[in-house]
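All of the numbers you see were taken from the coordinates with simple rules; none came from a lab. None of these values were measured; they are calculated from a predicted model. Cβ coordinates were reconstructed from backbone atoms using ideal geometry, including for glycine residues, and neighbour counts include every protein chain displayed.
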Amino acid sequence: MTNTSSIDIEYVANLARLDLTENEKKKFSAQLEEVLKYFERINEVDVTDVEPMAHAFPVFNVWDEDRAEEGFTVEEALKNAPAKRDDQIVVPKVVE
Amino acid sequence: MSDLFYKTAGELSGLLVKREISSWDLTQAVIERTKAVETKVNAFLSYNEAAALKQAKNSDERIARGESRGPLEGIPVGLKDIIAVNGEQLSCGSKILEKFNSPYDATSAINLKNAGAVLWGRLNMDEFAMGSSTENSAYQVTSNPWDIERIPGGSSGGSAASVAAGEAILSIGSDTGGSIRQPASFCGVVGLKPTYGLISRYGLVAYASSLDQIGPFARSVEDVAILLQAIASHDRLDSTSIKVDIPDYRTVLKQEDRRWKLGVPTEYFSDGLDKEVGVAIENAIKFFENNGCEIVNVSLPHTELAVPVYYIIATAEASSNLARYDGIRYSHRSDRAIDSIDLYFKSRAEGFGEEVKRRIILGTYVLSSGYYDAYYLRAQKVRTLIRQDFIKSFEKVDALLTPTSPTVAFKIGERSEDPLSMYLSDIYTISLNLAGLPGISVPCGFNSDKMPIGLQVIGKPYCEAEILAIAHKFERSHDFYKEHPKL
């Protein structure tokens, strides 16, 4: 782990598709620096040959019977859309 | 009949079936109570009296026909605003979902309806369940009913405070790192986080999917058992839901004479533990020792690493889960965007609050190229070690006794500018989520400021019945559950 890592907040915010104000960048950088320093503690323990654990219990693929069921009506599916027209969601122009 | 709103579901269901009271009267009493104290407590984001009374009327009609659906029939149950109910708001305490109206029911909501419960209100929470004080709600700060200058705990602060204040008989919340047990402890009520997979997460808005669980709040252990019975079920709509035999929790409570072997993890009694909290927990341990139980010291050596491991894994999962709030199909859409990519940046910037942004940034960072192995992968390995600690100690004991939180409820504003100190307040609860274990917080005393203290009982996987019975044994020999805050 890089001990010198100053978090590149602009790079990370771009990955997260999240605009941050100058104030937020400054504040988060300082706070996250402190939190990351605390995270270094996980290096205190030897994890050689330890399996990583993504879930508390072994999870296997779960299959369900293939059968037709009622889904949302168009009205239900679109009721929370921020902009809609002709039963479709309106989005900003994507192609020129 | 006075103070219906402070009776337990167990008592009330008896009165309802004998038709000494009606669900209409009970629901009306809860509504009146809510109106009387809500200006101080602020537990609810919204509630709908007419809808509640309509459900109460339906309950009364079923009871009159002799078709009661069980002990929850006609009982008002509050829901944390992160659990979907068809046709109701689902804001998760966030501006980004301010206008969201759920088009479907969570499985736990369906289970509650099938049990005849009166679904009552949308309860306040930290935005997307990220927080330990409910101060991160985008809408309001909820107060602790025992001292309105203090926080109720979080993230299910509204769920805990409403039950403590008599604004609901029961409630449900969700627990990712302690979000049921810690507020239950701070508000002097009982709260249970079940084993991962016991309750369907379908319709629970995701924060950290490998850690999230829904669970019950109540003013007695028996009531927690009643509510757990209703919501625990296998569900094909949640692929992590587990098929397991579900006992009759209310019946198995009565194991007063069983000589439990109880472990006390030494790591949970270190420097950070408040003195008065420590004394209350020691007294609880002595109670078990004096009442036929064997107390065994055990060691969970990786306890201190649980906080960094949790905040790496939880924020990583959150940064992925919260990518769905993009302002396209639903959620807040900015009207200042210049193109489609900019729409994501601005909608998310306008919709998310500070703590959510902080965790998205942190989670994105630990998953980013060059840091993934050092943080995320390593944290997953340490998670394995944390679980092994528990497995080893459970070879020797039936359950573990610990404090729920190192302190009592703190003052509003006290930690809100210091994320790390807020994160550290979860030290005793988060390991259970990492290991998938069940835990219950039961009131075990008050400090000198008359603030409640909670005892946590940790169980083996799917051993909810055992920890309920242990908590019940303690509760019935003490009077803490009889006390209510003065509002």
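Multiplying the residue separation of residue B:341 and residue B:40 by 0.36 nm and removing their Cα-Cα distance gives an extension gain of 104.1 nm.
Would you mind working out the magnitude of the charge dipole of chain B relative to its Cα centre, with +1 at each Lys and Arg C-beta and -1 at each Asp and Glu C-beta, to the nearest 20 Debye?
720 debye
Computed from Cα atoms, the angle from the helix A:22-39 axis to the main principal axis of chain A rounds to 60 degrees.
Extension gain for residue B:354 to residue B:245 (0.36 nm times residue separation, less C-alpha to C-alpha distance): 35.0 nm. When the trypsin sites (Lys or Arg not before Pro) in region B:1-46 are filtered for DSSP coil states and for at most 12 other beta-carbon atoms within 10 Å of their beta-carbon, the remaining sites are B:18, B:19. Backbone amide hydrogens, once placed in the peptide plane, bring residue B:445 within less than 5 Å of B:453, excluding anything fewer than 5 places away on its chain. What the phi angles of region B:219-235 give under the Karplus curve with 6.51, -1.76 and 1.60, with θ = phi - 60°, is a coupling list of 9, 8, 5, 4, 5, 4, 4, 4, 6, 4, 3, 6, 9, 6, 6, 6, 9 Hz, glycine and proline written as x.
Per-residue 3J(HN,Hα) values for region B:65-81, derived from phi via the Karplus relation 6.51 cos²θ - 1.76 cosθ + 1.60 with θ = phi - 60°, read 7, x, 10, 4, 8, x, x, 8, 4, x, 9, x, 10, x, 10, 4, 6 Hz in sequence order (x marks Gly and Pro). Cα centroid separation, region B:325-389 to region B:434-487: 34 Å. A simple spin-label model places pseudo-atoms 7 Å from Cα toward Cβ; at residue B:283 and residue B:414 they are separated by 2.0 nm.
In sequence order, region B:461-466 has phi-based couplings of x, 6, 9, 4, 4, 5 Hz under the Karplus curve 6.51 cos²θ - 1.76 cosθ + 1.60, θ = phi - 60°, and Gly or Pro positions carry x. Using R0 = 22 Å, the C-beta based FRET efficiency linking residue B:304 and residue A:57 works out to 0.35. Place a label point 7 angstrom from the Cα of residue B:266 along the Cα-to-Cβ direction, then list the residues of region B:295-328 whose backbone nitrogen is under 18 Å away. The answer is B:295-305, whose backbone nitrogens lie closer than 18 Å to the label point. Counting only other chain Cβ atoms within 10 Å of each residue's Cβ, the peptide B:310-318 averages 1. Which entries in A:37/B:193; B:254/B:486; A:79/B:193; B:275/B:411; B:95/B:357 show an alpha-carbon gap greater than 22 Å? Check vs 22 Å cut-off fails for A:37/B:193; B:254/B:486; A:79/B:193.
Find the centroid of the Cα atoms in region B:124-143 and in region B:5-84, then give the distance between the two in whole Å. With region B:124-143 and region B:5-84 each reduced to a Cα centre, they are spaced 25 Å.
Count the net charge of all other residues whose Cβ sits under 13 Å from the Cβ of residue B:365, scoring Lys and Arg as +1 and Asp and Glu as -1. Net charge around residue B:365: 0. Between beta-carbons, use under 13 Å as the cut-off and find the net charge around residue B:241, counting Lys and Arg +1, Asp and Glu -1. Here the charged neighbours net out to -1.
Distance between the C-alpha centers of region B:192-259 and region A:22-96? Whole Å please. Rounded to whole Å, the Cα centres lie 24 Å apart. For residue B:329 and residue B:86, the difference between the fully extended length at 0.36 nm per residue and the C-alpha to C-alpha distance is 85.7 nm. Between residue A:67 and residue B:104, the modelled labels are 1.7 nm apart [label points 7 Å from Cα along Cα→Cβ]. Say the dipole of chain B comes from +1 at the beta carbon of Lys and Arg and -1 at that of Asp and Glu; which of B:41, B:399, B:442 then lies farthest toward its positive end? Positive-most Cα among the choices belongs to B:399. Once the C-beta distance of residue B:377 and residue B:290 is scaled by a Förster radius of 41 Å, the resulting FRET efficiency is 0.30 to the nearest 0.05. Would you work out which of B:121, B:200, B:362 lies farthest towards the positive end of the dipole of the protein assembly as shown, given +1 charges on the beta-carbon of Lys and Arg and -1 on that of Asp and Glu, about the Cα centre? Value computed over the given set: B:121.
Tally Lys and Arg at +1 and Asp and Glu at -1 over the other residues with C-beta under 9 Å from the C-beta of residue B:431: what net charge comes out?
Numbers: positive: B:387; negative: B:389.
Neighbourhood net charge equals 0.
Placing +1 on each Lys and Arg Cβ and -1 on each Asp and Glu Cβ, with no other charges, gives the protein assembly as shown a dipole about its Cα centre of roughly 720 debye.
Inter-chain Cβ neighbour count for A:45-52, averaged per residue, equals 5 (cutoff 10 Å, partner chain atoms only). The alpha-carbon of residue B:261 sits under 18 angstrom from the alpha-carbons of these lysines, leaving out residues fewer than 8 places away in its chain: B:286, B:392, B:396, B:460, B:473.
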